[in-house]
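Engineer: Structure provided below as structure tokens; questions to follow.
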Amino acid sequence: MDMAKVKQPAARKSSWLEKVTGTKTLDEKLELRKPYGVTTDKRGRIFVADTELKTVFMIDAKAKAVERREGNSRAPLAMPAGVAVDSQDRLFVSDAVLHSVICFSPSGSPIAYFGTSALGRPGGMAIDRQRNRLYVADAKDSRIAVFDTASLKFVGYFGGPSKPGHPTDGTFLSPTNAALDRRGNLYVADTGN
């Protein structure tokens with residue numbers, strides 16, 4: 001066969017979803033490497049924290065777009081773990097290495113950095129929109145830290161360390177994630193108990 005006569009397939013433009021699924025070239029990829037936390041906002045956008053890439057991906061299927069939420073010099077990201085979105089569409093990202101939470105505006109800019117003095121190794125988070133509370137699972141300190149979402153101030157803790165294999169009411173051993181149901185009940189994934 002004469003290769004000069006073989007018609008080469010026309011180059012096609014890759015879709016927005018291929019940026020995430022990994023079928024684009026290395027220069028075009030926005031692939032997830034080590035995803036951890038995931039949440040959605042009221043518009044149906046999906047936010048995924050990637051601990052290896054030190055970023056949060058925002059996937060908008062309606063707009064057919066994928067964007068990154070990254071820290072800056074005043075509010076860096078070293079290991080984003082938990083993600084949560086409040087009623088104002090602000091994105092909260094916990095950072096397990098920097099012992100903090102970063103708040104992003106609805107447009108994606110970092111607007112606040114808080115919690116450093118209250119957190120040991122933050123992970124998963126849940127937002128109570130009725131009470132304006134952000135609950136952060138802290139695996140290192142074996143408790144849940146609570147913040148006010150309006151002021152971004154630390155409110156307090158609940159729970160505390162339990163003895164391995166001997167859990168008691170109100171104690172944790174390395175809680176990693178938190179979720180809230182429609183009634184306001186908080187559920188905690190406690191890896192050590």
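The values are calculated or read from the model by the stated rules, or taken from the named source; none is laboratory data. What you see is a predicted model; the values in this text were computed from it and never measured. Cβ atoms come from the backbone with ideal geometry, glycine included; neighbour counts cover every protein chain shown. Surface accessibility is based on the protein's heavy atoms, side chains included, excluding ligands, DNA and RNA. Shrake-Rupley method; radii C 1.70, N 1.55, O 1.52, S 1.80 Å.
Engineer: Return the total of residues in the stretch 109-139 being at pLDDT below 95 and surrounded by 23 or more Cβ atoms within 10 Å (Cβ to Cβ).
Structural biologist: Going through the stretch 109-139 one residue at a time, the tally reaches 0.
Engineer: Quick one: is Thr55 of a type in the set (Val, Ile, Thr) and either within 22 Å of Phe147 (Cβ to Cβ) or touching a Phe, Trp or Tyr at 6+ places or on another chain (Cβ under 7 Å) (or both)?
Structural biologist: Numbers: of a type in the set (Val, Ile, Thr): yes; either within 22 Å of Phe147 (Cβ to Cβ) or touching a Phe, Trp or Tyr at 6+ places or on another chain (Cβ under 7 Å) (or both): no.
It is false that Thr55 is of a type in the set (Val, Ile, Thr) and either within 22 Å of Phe147 (Cβ to Cβ) or touching a Phe, Trp or Tyr at 6+ places or on another chain (Cβ under 7 Å) (or both).
Engineer: Let me ask something else about it. Is it true that Pro106 is surrounded by fewer than 15 Cβ atoms within 10 Å (Cβ to Cβ), modelled with pLDDT under 95 and not in a strand (DSSP E or B)?
Structural biologist: On the way: surrounded by fewer than 15 Cβ atoms within 10 Å (Cβ to Cβ): yes; modelled with pLDDT under 95: yes; not in a strand (DSSP E or B): yes.
Yes; evaluated as a whole, the condition is true for this residue.
Engineer: Scan the stretch 68-87 for residues that are open to solvent by less than 30 Å² (accessible area, probe 1.4 Å) and either at positive phi or touching a Ser or Thr at 6+ places or on another chain (Cβ under 8 Å) (or both) and report the count.
Structural biologist: Counting residues in the stretch 68-87 that are open to solvent by less than 30 Å² (accessible area, probe 1.4 Å) and either at positive phi or touching a Ser or Thr at 6+ places or on another chain (Cβ under 8 Å) (or both) gives 9.
Engineer: Right, something else. Listed residues Glu67, Glu28, Glu18, Glu52; which is in a strand (DSSP E or B) and either modelled with pLDDT of 85 or more or touching a Lys or Arg at 6+ places or on another chain (Cβ under 7 Å) (or both)? Explain how you work it out, then say what you get.
Structural biologist: Numbers: Glu28 fails: in a strand (DSSP E or B); Glu18 fails: in a strand (DSSP E or B); Glu52 fails: in a strand (DSSP E or B).
Result of the check over Glu67, Glu28, Glu18, Glu52: Glu67.
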